[in-house]
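**Student:** This is the structure, below, for whatever I ask next.
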Amino acid sequence: MTYVIIKCPCHAEGASKLIDWAKSDDGFSVTRSHKGFQHIELLAGEDNKTMWIYEQWDTKEDHQAYLNFRIENGFEDFMGEILESEFSLSYLSNCGA
């Protein structure tokens, strides 16, 4: 299993838009339909602007295929509107400890 953590440094209005998007018909419901999807959560930092997306996928390749789908459908434009600075994405694996 692959774990994905995405840090989204949003402006205040952007954080609200990201929450609304995640709940929309184009948001996490679409994510959940993709091959290899296991789990997703949207978490707010203490400042209520920095948003974290925590995901679990069968493989890194499954997530990258999903990410390519989002990019091809204009998600980069949406992210550009809501972010104060660049987002970061990390792939992690469980160490079994």
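The numbers here are math on the coordinates, done by the rules we state, and not lab data. Please read all numbers here as calculations on a predicted model, not as lab measurements. Heads up, the Cβs are rebuilt from the backbone with ideal geometry, glycines too, and the neighbour counts pull from every protein chain shown.
**Student:** Looking at the range 48-69, can you tell me whether even one residue there is among the small types (Gly, Ala, Ser) and without any contact (Cβ under 8 Å) to a residue 12 or more places away in the chain?
**Tutor:** The answer is no; no qualifying residue exists.
**Student:** Within the range 29-56, track down each residue that is among the polar types (S, T, N, Q), within 17 Å of Ile5 (Cβ to Cβ) and not in a strand (DSSP E or B).
**Tutor:** Result: Thr31, single match.
**Student:** Further question: Give Asp62, Asp20, Asp26 a once-over and let me know the one that is part of a loop (DSSP other than H, G, I, E, B) and either under 14 Å from the mean Cα position of the chain (by Cα) or surrounded by 13 or more Cβ atoms within 10 Å (Cβ to Cβ) (or both).
**Tutor:** Asp26
**Student:** Does Ala15 satisfy the criteria of being part of a helix (DSSP H, G or I), without any contact (Cβ under 8 Å) to a residue 40 or more places away in the chain and not aromatic (Phe, Trp, Tyr)?
**Tutor:** Criteria not met by Ala15.
**Student:** On to the next question. Out of Glu81, Glu76, which single residue is in contact (Cβ under 8 Å) with a residue 24 or more places away in the chain, surrounded by fewer than 14 Cβ atoms within 10 Å (Cβ to Cβ) and part of a helix (DSSP H, G or I)?
**Tutor:** Exactly one residue qualifies, and that residue is Glu81.
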